[in-house]
Every structure is written in structure tokens, then in C-alpha cells.
1. Given DSSP loops and a limit of at most 16 other Cβ atoms within 10 Å, what is the longest stretch of the chain that contains no such trypsin sites (Lys or Arg not before Pro)?
2. Amide H of LYS86 versus every other amide H placed in the peptide plane: which residues, excluding those fewer than 5 positions away on the same chain, fall under 5 Å?
3. Taking only protein heavy atoms and a 1.4 Å probe, what accessible area per residue, in Å², does the chain have with all protein chains in place?
4. Rounded to whole Å and sorted largest first, what semi-axes of the equivalent ellipsoid does the C-alpha gyration tensor of the chain yield via the square root of 5 times each eigenvalue?
5. For the stretch 47-53, take each phi angle, set θ = phi - 60°, evaluate the Karplus expression 6.51 cos²θ - 1.76 cosθ + 1.60, and give the result in whole Hz per residue in order, putting x for glycine and proline.
6. Could you look at the stretch 51-111 and say what percent of its accessible area is carbon and sulfur, using a 1.4 Å probe and all protein chains?
7. Would you list, by chain and number, the lysines whose Cα falls below 25 Å from the Cα of LYS64, excluding same-chain residues fewer than 8 positions away?
Amino acid sequence: QVQLMESGGGLVQAGGSLRLSCAASGRTSSIDAMAWYRQAPGKSREYVAQIGDGGATNYADSVKGRFTISRDNAKDTVYLQMNALKHEDTAVYYCRSLARGILYWGQGTQVTVSS
């Protein structure tokens, strides 16, 4: 079992920055890739970014060049640095991990960008 806890969400003006954190606990040694997803009101959950256990990263086109995903394996934590935020980035952001073929999700953290 893996447990995930997100933090760092909040209210920010358009053009501002936030850094989200996702701390993993439990069987963290089994974690392969970790990713961020988001869900805006009335919309489906969508992919944001992913980082593999070797550090390879991938981003959705909508955030490429503005968001950076990173991980600190010693702290079992993955980060999402979000710069140049836009109103359309407003959503609940979820952390997801893949461990031995099983997906785990965190509870989410709200990010609100005022225009």
C-alpha cells in the first residue's frame, strides 16, 4: 500500500506561481512513476505531468514550459512547480503513483487562479 498526501495549493493571481508537494508513505520503495492530474469544476480529470523513477519527465501540452515536475527520492516526495499561472489552471490537483502495477491517488489540493 502507498499513501499520498498533497499540499501547497491555494489562491494566486494570474501570472503568479505555486509549488505543490506530494509526500508518499507506506511501501514507497515499490513506486515507479509518479504523476500529477487535475480536475476543474464540471470537467473530467486530466493529465498534467509525469516523472519516472529514473527522472524522465513528460508534460501535457497545456502546461509545457510553465510547469516543472521533480522528485526527491530521499524524501519520497514529488513536486510540481507552477509558474505563469492562468485562470484555466484552476482545479483540484491530484498526485498519482504507480507501484507494482497498482495506481494510488491522493486526496487532492485546490489551486485557484484569479484573473
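The values are calculated or read from the model by the stated rules, or taken from the named source; none is laboratory data. As the structure is a prediction and not an experimental result, all values here were calculated from the model. Cβ: placed from backbone, ideal geometry, glycine included. Neighbour counts: every protein chain shown. Surface areas here come from the heavy atoms of the whole protein model, side chains and all, with no ligands, DNA or RNA. Shrake-Rupley method; radii C 1.70, N 1.55, O 1.52, S 1.80 Å.
1. Result for the longest clean stretch: 1-26.
2. Result for LYS86 returns GLY15.
3. Working: 6030 Å² over 115 residues.
That works out to 52 Å² for each residue.
4. Values: eigenvalues 110, 38, 31 Å².
Gyration-tensor ellipsoid for the chain: 23, 14, 12 Å.
5. 5, 10, 6, 9, 9, x, 5
6. Reported share for carbon and sulfur atoms: 47 percent.
7. LYS43, LYS86
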